[in-house]
Amino acid sequence: MKSRLTAKEEDIMQIVWDNGDLFIRDIVAKLPEPKPNYNTVATQVKFLEEKGFLGRRPMANSFQYTALVSEKEYRGSTIGEVVARYYGNSYSQLISQFVEEDKMDLDELKELIASIEQNRDRNGK
């Protein structure tokens with residue numbers, strides 16, 4: 001996966017993920033108040049391009065930006081890094097911590113197991 005995103009870059013990516021292809025002016029319009037100026041957003045978009053998260057295509061005398069990394073890909077990568085760094089690549093240790101801290105109850109754990117089993121059945125594993 002590409003490098004990590006800053007909080008502001010994540011905000012911009014979330015707008016693109018939620019809305020599809022956009023121009024910088026559209027991104028600025030969707031950001032919360034107080035809105036950053038156009039040049040600030042353009043700089044952040046440039047960094048997102050350099051990191052491989054956004055691509056652009058010319059449209060008239062501007063550029064339209066599109067996500068090159070899906071939100072699902074990014075989330076999976078981020079979780080994977082946390083699990084590798086803090087849980088020794090053990091997803092079961094991560095889930096165990098949720099259960100131990102009452103952040104996940106037994107019913108949720110059963111639902112998770114059922115979902116995993118269904119997915120394996122569908123994929124023939």
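The values are calculated or read from the model by the stated rules, or taken from the named source; none is laboratory data. Bear in mind the structure is a predicted one, so any value in this text is a computation, not a measurement. We place every Cβ from the backbone using ideal geometry, glycine too, and count neighbours over all the protein chains shown.
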Among (1) surrounded by 12 or more Cβ atoms within 10 Å (Cβ to Cβ); (2) under 19 Å from Gly55 (Cβ atoms); (3) without any contact (Cβ under 8 Å) to a residue 24 or more places away in the chain, the one test that Asp18 misses: (1)
Cβ-Cβ under 7 Å pairs, at least 6 apart or on other chains, region 31-46 side more than 18 Å from Ser62 (Cβ to Cβ) and charged (D, E, K, R), far side surrounded by 12 or more Cβ atoms within 10 Å (Cβ to Cβ) and at pLDDT 95 or above: Lys35/Val28
Scan of region 97-125 for residues that are of a type in the set (S, T, N, Q), more than 27 Å from Ser3 (Cβ to Cβ) and under 24 Å from the mean Cα position of the chain (by Cα), ordered by number: Ser115, Asn119
Residues of region 95-125 satisfying the condition of being surrounded by 10 or more Cβ atoms within 10 Å (Cβ to Cβ), assigned to a helix (DSSP H, G or I) and among the charged types (D, E, K, R): Glu108, Lys110, Glu111, Glu117, Arg120
